[in-house]
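Report on the structure given below.
The values are calculated or read from the model by the stated rules, or taken from the named source; none is laboratory data. Here the structure is a predicted model, which means the values were calculated and not measured. Glycine also receives a Cβ, built like all others from the backbone with ideal geometry; neighbour counts cover every protein chain displayed.
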């Protein structure tokens, strides 16, 4: 096997405020292959979002190695990363298609081609016919679908998702999990998905990275060998239950 698409090795991050130091991330090590959907689970404040910000180039790290991309394929965080947050963060005065087009406008991509791609992406996420609606006319789940389309508009190599379904009700969240797996299969993108939910981490992930309470330390990373396409019925299977128990144990919840 060649070099992984993402490699973190012994990564350490310290925040300094008012003359004091706070160790946010300590000795985090994992690899991600191109095209994987990797979930990251751990308690609040354990540094999951900090790791995403380091990967996005928004925060420096004090020690360790962070590498994204393959040999001969330069990686530009400003161009090659798409991000989805817990809130959709759509601009309320822009129509949905114009919200999706925002990264393309910032990057100066050809307007006509970008608009055609935006329509294709909205169809892929199930929002065909909603292009000219405003955010307030869409449900929370539909707004998050638009946010996912926006993260894909510039054809990034990596999608970073920071608890994107955390604000949704339980039923909508289940539906969005299924939708995300479909979008992942159709887009072929590499996705790193942060969550608090153990069941969500197991259901979505090709592997799950387990972090302990802050500062973030690696408890383990577990390959999730459940078949694809995944269905909600799998959550009642013995294999799913065993993976969930392993995560509960690693997080000290048993």
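Summary table
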read-out: Within the stretch 62-115, helices (runs of 4 or more DSSP H) holding 1 or more residues that are closer than 21 Å to residue 192 by Cβ and free of Cβ contacts under 8 Å to residues at least 24 places away in the same chain; value: 77-80
read-out: Residue in the stretch 104-124 that is under 30 Å from residue 25 (Cα atoms) and either surrounded by 15 or more Cβ atoms within 10 Å (Cβ to Cβ) or in the same structural domain as residue 191 (by TED's automatic domain parsing) (or both) present; value: no
read-out: Failed item in (1) at pLDDT 95 or above; (2) more than 27 Å from residue 8 (Cα to Cα); (3) crowded, with 17+ Cβ neighbours inside 10 Å, with residue 148 passing the rest; value: (2)
read-out: Residue in the stretch 243-252 that is part of a loop (DSSP other than H, G, I, E, B) and over 16 Å from the mean Cα position of the chain (by Cα) present; value: yes
read-out: Yes/no for residue 209 being touching a helix residue (DSSP H, G or I) at 6+ places or on another chain (Cβ under 8 Å) and touching a residue at least 24 places away in the same chain (Cβ under 8 Å); value: no
read-out: Complete set of residues in the stretch 207-229 that are assigned to a loop (DSSP other than H, G, I, E, B) and either crowded, with 19+ Cβ neighbours inside 10 Å or not assigned by TED's automatic domain parsing to the domain that holds residue 49 (or both); value: 214, 215, 224
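Each row is one residue, and each column tells you yes or no for (1) farther than 16 Å from residue 158 by Cα; (2) assigned by TED's automatic domain parsing to the domain that holds residue 180; (3) buried (at least 17 other Cβ atoms within 10 Å of the Cβ).
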| site | (1), (2), (3) |
| --- | --- |
| 14 | yes, yes, no |
| 35 | no, yes, no |
| 43 | yes, yes, no |
| 61 | yes, yes, yes |
| 83 | no, no, yes |
| 100 | yes, no, yes |
